[in-house]
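Working notes, structure below.
Values in this text are rule-based calculations from the coordinates and carry no lab data. Quantities reported herein were computed from a predicted structural model and do not represent experimental measurements. Here the Cβ is made from the backbone with ideal geometry for all residues, glycine too, and neighbour counts use every protein chain on show.
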Amino acid sequence: MKFELDSYLISRPEKFREAAREIFQFIQARAGSLQPEISGDLIGWGRDQNDWFLLSLSVRKGGVMLYCAARVLDPYDDILRSRRTGMTCVKLSRLGTLDEQVLDDIVTKAFNPPADGKEHAGKAYAERAASKKQLTDFDAYLADKPEKTHDLARKLYTLIRSKIGEEPYAYDDHILGFGRRDDGWYKVLMAARASGVMLYTSGRILDRHADLIKKSWRTGKSCLKLTRWDQLPESVIEDIVDQSLAS
């Protein structure tokens, strides 16, 4: 099916449609032979070894979200600051949100992955992860989290904790990371937030259950938002955790 930007934008927040159009054109001008594809609410270009996009964008209520590998964004952490809403995400409100040269560098580097085809957690994130201590009191963690998330967060924590046999690391006030990958980042993470309990893993692992996971439940390529324990069969949640810990 031929990609049509207007068809995509018609269902996106009107406030950011024009900004999205300009950012799309900026990216497309640097994409070479790569053609845009639609996956859920994402427009993406190219594929990495996990069959995920090298670069993608999504138009949401908060702005235009630009997704690429952490190793691409790390060198610009001091410039991006609060605009970097996750390891692999930058929030833009217009084309001029970032200096054009910085955005050009990000897009260009995203389209040129490592020679071995492997993406790793950004160095800065891995270094921060290495400095974190293990959680000592889950009740204390929950104390300042929305009460409506407590039961769900506890069930997810208990499941992962039972699988790995050790406490998670408190990456920050919200994010708990379980286990360590070869690149220093965590194997699976969770966070209790106002909108639900977030489960962070590989996009490839979530894709295995794409037939059961609604598009609106994935807030990014590697994030699943849970609002109820029965949202998915428990066996599916368990499989996601098992696959994450085995990675």
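Here is how the numbers come out for the structure above:
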read-out: Farthest positive-ward along the chain dipole, Cα basis, beta-carbon charges - from 136, 199, 97; value: 97
read-out: Total charge dipole magnitude, the chain, about the Cα centre, Cβ charges on Lys, Arg, Asp, Glu only, Debye to nearest 20; value: 360
read-out: Mean ellipticity per residue at 222 nm, deg cm²/dmol - from DSSP H runs of n ≥ 4 across the chain, formula -39500 (n - 2.57); value: -9000 deg cm²/dmol
read-out: Which listed pairs, of 109/187; 91/215; 163/221; 155/215; 109/133; 133/155, have C-alpha distances above 28 Å, in listed order; value: 109/133
read-out: Net charge of Cβ neighbours under 11 Å - reference residue 145; Lys, Arg +1; Asp, Glu -1; value: -1
read-out: Dipole magnitude of region 126-246, debye to nearest 20 (Cβ charges: Lys/Arg +1, Asp/Glu -1, about Cα centre); value: 400
read-out: Debye, to nearest 20: dipole size of region 71-183, +1 on Lys, Arg Cβ, -1 on Asp, Glu Cβ; value: 300
read-out: Lys/Arg +1, Asp/Glu -1 at C-beta; the chain dipole; positive extreme among 9, 28, 236; value: 9
read-out: Added length on full extension, which subtracts the Cα-Cα distance from 0.36 nm per residue, residue 150 to residue 211; value: 19.2 nm
read-out: Region 1-35: chymotrypsin sites (Phe, Trp or Tyr not before Pro) in DSSP coil with no more than 15 other Cβ atoms inside 10 Å; value: 3
read-out: Karplus-derived HN-Hα couplings along region 187-197 (A = 6.51, B = -1.76, C = 1.60, θ = phi - 60°), whole Hz, x at Gly and Pro; value: 6, 8, 9, 9, 8, 8, 10, 4, 8, x, 9
read-out: Distribution of pairwise C-alpha distances over the chain, 5 Å bins, in %; value: 1, 6, 13, 17, 19, 17, 13, 9, 4, 1, 0
read-out: Karplus (6.51, -1.76, 1.60) ³J(HN,Hα), θ = phi - 60°, over region 15-20, in Hz, Gly and Pro reported as x; value: 4, 10, 5, 5, 4, 4
